[in-house]
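Heads up, the thing below is written out as structure tokens.
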Amino acid sequence: METQPKISVIVPVYKGEKYLAACLDSILAQTFKDFELILLDDGSPDKSGEICDEYAQRDARIRVIHKENEGINKTRMGG
């Protein structure tokens with residue numbers, strides 16, 4: 001039986017193409033490994049969504065949610 005991760009890290013993503021890989025690499029390089037990483041793509045018009053999907057294919061701890069742009073406040077609230 002698979003156990004749930006101890007913590008969830010949620011990263012809202014919008015127009016972050018330039019810095020996204022460095023952000024994700026930093027999170028994944030932590031010594032604590034029992035976490036899930038949820039990337040919430042808020043309809044970013046750049047390649048951020050594709051970068052999220054690439055990372056999710058490489059690491060099973062990563063889950064990507066793509067949604068239409070609603071702004072940072074709704075995204076943070078899971079809107």
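Give me the net charge for the shell around V64: Cβ to Cβ below 14 angstrom, other residues only, Lys and Arg +1, Asp and Glu -1. Net charge around V64: -2.
Per-atom-type breakdown for the chain gives carbon and sulfur 52% of the accessible area (1.4 Å probe, protein chains only). Within the listed set D41, D53, D25, the residue fluctuating most in the Gaussian network model of the chain (springs between alpha-carbon atoms under 10 angstrom) is D25.
Once both labels are positioned 7 Å from their Cα atoms along Cα-to-Cβ, the gap between E68 and K47 label points is 2.7 nm. Using Cα atoms only, what is the angle between the long axis of helix 48-58 and the major principal axis of the chain, expressed in degrees (0 to 90) to the nearest 10? The two axes meet at around 20 degrees. Considering only E50, E68, E17, the Gaussian network model of the chain with Cα springs below 10 Å gives its largest mean-square fluctuation to E68. Remark on I62: its backbone amide H falls under 5 Å from those of L37, a criterion applied only to residues 5 or more positions apart or on other chains, H modelled at 1.01 Å from N. Can you work out the accessible area per residue across the chain, with the rest of the protein chains kept in place, probe 1.4 Å, in square angstrom? Ligands and nucleic acids excluded, the figure is 70 Å² per residue. Maximal additional length on extending the A60-L28 stretch stands at 10.4 nm, based on 0.36 nm per residue less the C-alpha distance. Please give me the summed charge of the neighbours of K33: other residues whose Cβ is under 13 Å from its Cβ, Lys and Arg +1, Asp and Glu -1. Net local charge, K33 excluded: -1. Subtracting the Cα-Cα distance of V9 and F35 from their residue separation scaled by 0.36 nm leaves 8.6 nm.
The values are calculated or read from the model by the stated rules, or taken from the named source; none is laboratory data. On a predicted model such as this, the values are computed, not experimentally measured, just so you know. Note: ideal-geometry Cβ built from the backbone for every residue, glycine included; neighbour counts use all protein chains shown. Note: accessible area is taken over every heavy atom of the protein model, side chains too, but ligands, DNA and RNA are not part of it. Shrake-Rupley method; radii C 1.70, N 1.55, O 1.52, S 1.80 Å.
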